[in-house]
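Participant: Input: one structure, supplied below.
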Amino acid sequence: MKTRSKKNRPAVTHTAPVAPVVKRVALRVRSFAKINLTLDVLKKEGNYHQIRTVFQEIPLHDELIFAINPDGKPGSVDLHCSRRDVPVDETNMVYRAVELLKKNARADFPSLTITIKKNIPVAAGLGGGSSNAAATLGALNTWLKLELSKSRLQKMAERIGMDVPFFLHGGTALGTHFGEKIKSLPGLKFPHLLIAMNGKKESTKSVYARLNANLVGRNAAKTTALLTYLKKKSPATRIDIQKLSGFLHNDFETAFRTNKSKSALGIPDLKKILLRTGAASVHICGSGPALYAVYPNRKTRDMAYRQLKVQNLVFLKSLS
């Protein structure tokens, strides 16, 4: 048997172990808004009110773009947003989500550039910031192979904000305690929606301060009825819009019984206008000031959209 001479043998080299490399250098994800089909304000616990709410994810969404900076300092975050009124510092929920992931990650964290393309109105009750944070937790956990469990992500979401856990689930879900305890429900898709807004932005804290304590909690039976309806409804069954409308409510509307500003179209006036355009039901999104209107069919919704276009509203969006 012939053997190779040492001279002709291939050289053997030894290299240090290489850390796993993420193949994609950029990632785009959608971050969806929500409405509250029902929202009951219950007893106060410490500085916060307990609530019971049925969340519904809707097609309106922001887009988040994540990119790795190979030459950046490990763990650094360069945050950008298409809206100037959105902070891009440590107060932004996306930034806070990244910081929590860094603390919980087992490996070194890369340098990231994150861009938020906003379509969801800011401070409108549609959960845009919370959705951005949840999308960041989920996307980076998968993309960077952090292997954090669902329960761990849930706890991190709760630390960021009470609406954030819902957006880890999406779809239709029941939120209890302060809204952070989530139970998924049978899916419910609204085919014909309008989202409209022309009220001043207000903090949730200021809206809570104006709640009428004598009126909140009175519609809790409607939430129970909606939960029963959802459990019994077959996925193939068409939604009975009129029946469904009878369940919808939001206790935050007690804080907007009168218009605070005479110079701008307020929530009560806008709600009346939406109902006059043929909406089956109109309610506030979260703590407002955005409203969602449910229409019986596409034709009525589209006609309403055309009528409202001339109102010069702050925000108007048709969703199917």
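To keep it simple, each residue is scored yes or no on (1) part of a strand (DSSP E or B); (2) at pLDDT 90 or above; (3) on the phi > 0 side of the Ramachandran plot.
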{"residue": "Gly175", "(1), (2), (3)": "yes, yes, no"}
{"residue": "Phe190", "(1), (2), (3)": "no, no, no"}
{"residue": "Lys200", "(1), (2), (3)": "no, no, no"}
{"residue": "Ser206", "(1), (2), (3)": "no, no, no"}
{"residue": "Pro235", "(1), (2), (3)": "no, no, no"}
{"residue": "Leu244", "(1), (2), (3)": "no, yes, no"}
{"residue": "Lys271", "(1), (2), (3)": "no, yes, no"}
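Participant: Here is a follow-up. Please note which strands (runs of 3 or more DSSP E) are completely contained in region 20-137 and include at least 1 residues that are among the small types (Gly, Ala, Ser).
Facilitator: Values: elements: 26-45, 48-68, 77-81, 112-117.
Once the strands (runs of 3 or more DSSP E) in region 20-137 are filtered for at least 1 residues that are among the small types (Gly, Ala, Ser), what remains is 26-45, 48-68.
Participant: Another question about this same structure. Residues of region 61-82 being under 17 Å from the mean Cα position of the chain (by Cα) and open to solvent by 10 Å² or more (accessible area, probe 1.4 Å), which ones?
Facilitator: Taking region 61-82 as the starting set, the residues that turn out to be under 17 Å from the mean Cα position of the chain (by Cα) are 61-65, 81.
Passing the criteria: His61, Glu63, Ile65, Cys81.
Participant: If Trp143 satisfies every condition in (1) touching a residue at least 60 places away in the same chain (Cβ under 8 Å); (2) closer than 17 Å to Val164 by Cα; (3) among the hydrophobic types (A, V, I, L, M, F, W, C); (4) touching a Phe, Trp or Tyr at 6+ places or on another chain (Cβ under 9 Å) but one, which is the exception?
Facilitator: (2)
Participant: I've got another one for you. With (1) open to solvent by less than 30 Å² (accessible area, probe 1.4 Å); (2) in a strand (DSSP E or B) as the list, and Ser318 as the residue in question, which single condition is left unmet?
Facilitator: (1)
Quick grid of which residues meet (1) open to solvent by 40 Å² or more (accessible area, probe 1.4 Å); (2) in contact with a strand residue (DSSP E or B) (Cβ under 9 Å, 6 or more places away or on another chain); (3) closer than 19 Å to Asp251 by Cβ; (4) in contact (Cβ under 8 Å) with a residue 24 or more places away in the chain:
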site: Ser149; (1), (2), (3), (4): yes, no, no, no
site: Gly175; (1), (2), (3), (4): no, yes, yes, yes
site: Glu180; (1), (2), (3), (4): no, no, yes, no
site: Leu185; (1), (2), (3), (4): no, yes, no, yes
site: Ala196; (1), (2), (3), (4): no, yes, no, yes
site: Lys201; (1), (2), (3), (4): yes, no, no, yes
site: Thr204; (1), (2), (3), (4): yes, no, yes, yes
site: Val207; (1), (2), (3), (4): no, no, yes, yes
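Participant: Another question about this same structure. Any residue in region 55-72 that's closer than 30 Å to Pro191 by Cα and touching a residue at least 12 places away in the same chain (Cβ under 8 Å): show its pairings with residues that are of a type in the set (D, E, K, R) and in a loop (DSSP other than H, G, I, E, B) at Cβ separation under 7 Å, as long as the two are six or more apart or on different chains.
Facilitator: Asp62/Lys118
Participant: Any chance region 181-203 includes a residue that's over 19 Å from the mean Cα position of the chain (by Cα), among the hydroxyl-bearing types (Ser, Thr, Tyr) and within 19 Å of Thr38 (Cβ to Cβ)?
Facilitator: no
The values are calculated or read from the model by the stated rules, or taken from the named source; none is laboratory data. Keep in mind the model is a prediction, meaning the values are calculated, not measured. As a convention, Cβ positions derive from the backbone with ideal geometry for all residues, glycine included, and neighbour counts pool all protein chains shown. These accessible areas exclude ligands, DNA and RNA; they are computed on the full protein's heavy atoms, side chains included. Shrake-Rupley method; radii C 1.70, N 1.55, O 1.52, S 1.80 Å.
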